[in-house]
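For reference, the structure discussed in these notes is given below.
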Amino acid sequence: MTMTSNEAYQEAQQRIAEAKRTAASVLNLSNLKLTEVPKKLGQLANLKELYLSQNQLTEVPKELGQLANLKSQFNQINSRLFSLIIGMSL
């Protein structure tokens, strides 16, 4: 069963809320087909690893800039974002 974009965003919000509650250092938002990440992602001060592969992000989430401890952002860059980055460098 595939999720609608609204269901995927809600799932991401739930995962972020759980990560905040448990002070998690790893968060996996892969395979949700997200077109954007919830702004609350920036509140995860303990986050060291964030996985965003298999989403449909078209820009680097600005919330990543708030995550001072983040060491790993992508285990596989999603293709739309990669195309955007390549296009910007031409």
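If the chain between E18 and E36 were fully stretched, how many nm would it gain, using 0.36 nm times the residue separation less the Cα-Cα distance?
4.6 nm
If you roll a 1.4 Å probe over the range 1-50 with all protein chains in place, what percent of the accessible area is carbon or sulfur?
In the range 1-50, the share of accessible area belonging to carbon and sulfur is 47 percent.
Over every pair of different alpha-carbon atoms in the range 1-51, take the mean of 1/r and invert it; report that Kirkwood radius in Å.
In the range 1-51 this quantity evaluates to 11.1 Å.
Taking 0.36 nm per residue of separation and subtracting the Cα-Cα distance, what length does fully extending V60 through Q10 add?
Gain in length upon complete extension: 16.0 nm.
The values are calculated or read from the model by the stated rules, or taken from the named source; none is laboratory data. Since the structure is predicted, the reported quantities are computational estimates derived from the model, not experimental observations. To get the accessible areas, we keep the full protein, side chains included, count just its heavy atoms, and leave off ligands, DNA and RNA. Shrake-Rupley method; radii C 1.70, N 1.55, O 1.52, S 1.80 Å.
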